[in-house]
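Engineer: I have a structure here, written as structure tokens, and I will follow up with some questions on it.
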Amino acid sequence: MAPFRFRLEQVRRYRRQLEEQAMQRLAEAIMERDRILARRDAMEQELHGLRLKLSRPDLLDFAERSLTLEYTAALSRDLEDCAAALIAAEDHVDIRRGQLAEKAVERQRLDRLEEKQADRHKVTERKQDQLRDDETATLRYKHAAV
């Protein structure tokens, strides 16, 4: 009985490699998005602290208050930029997730093809074995009858 050999194994290995690369790119995109989220959270906390500080005018003199207001305005602009970067990062993650799904489907098609071919190979082998067994039995019967 000849062992089953999938002729497209190299193609499947290549597709698996492409899928792993897509997984890596998705992981990198997620890490970048998480870095931006952490940066945004830190800026929001700092901005909240500055607004609390500004809400108590008795704690700041005029110069400190003026600098704090300028810094608050700059931090608000940075936060807006960060929000735009976060939207872009989310889009990038979605694109990478779609690419990974596409690569996984391509590999799974080859997996299913291999399963079908292996099943066909088993059926063919069983039929050949049955024919051999039938032929052997027929020959033995004829030899015993003579």
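The values are calculated or read from the model by the stated rules, or taken from the named source; none is laboratory data. A quick note: this is a predicted structure, and the numbers were derived from the prediction, not measured. No Cβ is skipped: glycine too gets one built from the backbone with ideal geometry, and neighbour counts run over all protein chains shown.
Engineer: What's the total number of residues in the range 1-54 that are surrounded by 15 or more Cβ atoms within 10 Å (Cβ to Cβ), within 30 Å of Leu131 (Cβ to Cβ) and acidic (Asp, Glu)?
Structural biologist: Qualifying residue count for the region: 0.
Engineer: Of the residues that make up the range 103-121, is at least one of a type in the set (Asp, Glu) and exposed (fewer than 11 other Cβ atoms within 10 Å of the Cβ)?
Structural biologist: no
Engineer: To continue, here is another question. Return the residues of the range 87-96 that are surrounded by fewer than 16 Cβ atoms within 10 Å (Cβ to Cβ) and either at pLDDT below 95 or not small (Gly, Ala, Ser) (or both); say none if nothing qualifies.
Structural biologist: Ile87, Glu90, Asp91, Asp94, Ile95 - these are the residues of the range 87-96 that are surrounded by fewer than 16 Cβ atoms within 10 Å (Cβ to Cβ) and either at pLDDT below 95 or not small (Gly, Ala, Ser) (or both).
Engineer: Name the one entry in Glu80, Glu106 that is in contact with an Asp or Glu (Cβ under 9 Å, 6 or more places away or on another chain) and in a helix (DSSP H, G or I).
Structural biologist: Checking each option against the conditions leaves just Glu106.
Engineer: Is there a residue in the range 59-69 that is modelled with pLDDT under 95, in contact with a Lys or Arg (Cβ under 9 Å, 6 or more places away or on another chain) and of a type in the set (Ser, Thr, Tyr)?
Structural biologist: So far as the range 59-69 goes, yes, one or more of its residues are modelled with pLDDT under 95, in contact with a Lys or Arg (Cβ under 9 Å, 6 or more places away or on another chain) and of a type in the set (Ser, Thr, Tyr).
Engineer: Still on this structure, please answer the following. Scan the range 38-54 and tell me whether some residue there is within 30 Å of Glu106 (Cβ to Cβ) and in contact with a Lys or Arg (Cβ under 9 Å, 6 or more places away or on another chain).
Structural biologist: No, that holds for no residue.
Engineer: Condition first: farther than 14 Å from Glu106 by Cα and either modelled with pLDDT under 95 or not in a helix (DSSP H, G or I) (or both). Now tell me which residues in the range 1-28 satisfy that.
Structural biologist: Met1, Ala2, Pro3, Phe4, Arg5, Phe6, Arg7
Engineer: If you check Arg40 against the conditions, is it of a type outside the set (Gly, Ala, Ser) and in contact (Cβ under 8 Å) with a residue 60 or more places away in the chain?
Structural biologist: No: the conditions fail for Arg40.
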